[in-house]
1. Could you give the nm distance between label points at residue 94 and residue 134, where each point is 7 Å from its Cα heading toward the beta carbon?
2. Convex hull over the alpha-carbon atoms of region 1-114: what's its volume per residue in Å³?
3. Could you tell me which of rounded, prolate or oblate describes region 62-149, using a ≥ b ≥ c as the square roots of the eigenvalues of the alpha-carbon gyration tensor, with rounded for a/c under 1.5 and, failing that, prolate when a/b is larger than b/c and oblate otherwise?
4. Taking only Cα atoms and a 10 Å spring cutoff, compute GNM fluctuations for the chain and point out the largest among 139, 127, 13.
5. Mind giving me the nanometre distance, one decimal, between the label points for residue 71 and residue 110, set 7 Å out from Cα along Cα→Cβ?
6. Based on Cα positions only, what radius of gyration and what Dmax would you give for region 82-127, in angstroms?
7. Considering Cα pairs under 8 angstrom that are at least six residues apart, work out the relative contact order of region 57-164 and quote it in whole percent.
């Protein structure tokens, strides 16, 4: 589904109902990340960040991530809502993905519960799952949202959407 499409799905969450500034909430879903045939993260204790026009981003506790497969990349960015992010390269055997994951080591107060939790760009991983549904990546990779059938758009992030 492109960022400009809007699929009607009764009972689905519309990203246009998400708040700005974003909201942090615990997710009851099982979140899994697979890279190069290996499950590198698997949890039922994730947080998700919900922000107007963006699919949810899932943050996984580091104890549920195979941290030995992540290495700091040196990249940093700043989010006006959460603070400074640090990025990680993901490597499994001979396959690597640059700046494929990130976290907020010391986020602003309203996001403190997810300090150190790891988020992954679905487009840079082989598979990302919410329960048993494979998630699609939000276009553009600036935000790293996970699109499932429970989420409707249109979604910001792709070409032509920056002015929304």
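1. So the two model labels end up 2.4 nm from each other.
2. Working: hull volume 15.5 nm³, N = 114.
Convex hull volume per residue, Cα atoms: 136 Å³.
3. oblate
4. In the Gaussian network model the winner is 13.
5. It is 3.7 nm.
6. Computed over the Cα atoms of region 82-127, radius of gyration and Dmax are 12.1, 39 Å.
7. 20 percent
Every read-out reported here was derived from the displayed coordinates using simple, explicitly stated rules and does not represent laboratory data. This is a predicted model, so every value here is computed, not measured. FYI the Cβ positions are ideal-geometry reconstructions off the backbone, even for glycines, and counts take in every protein chain you see.
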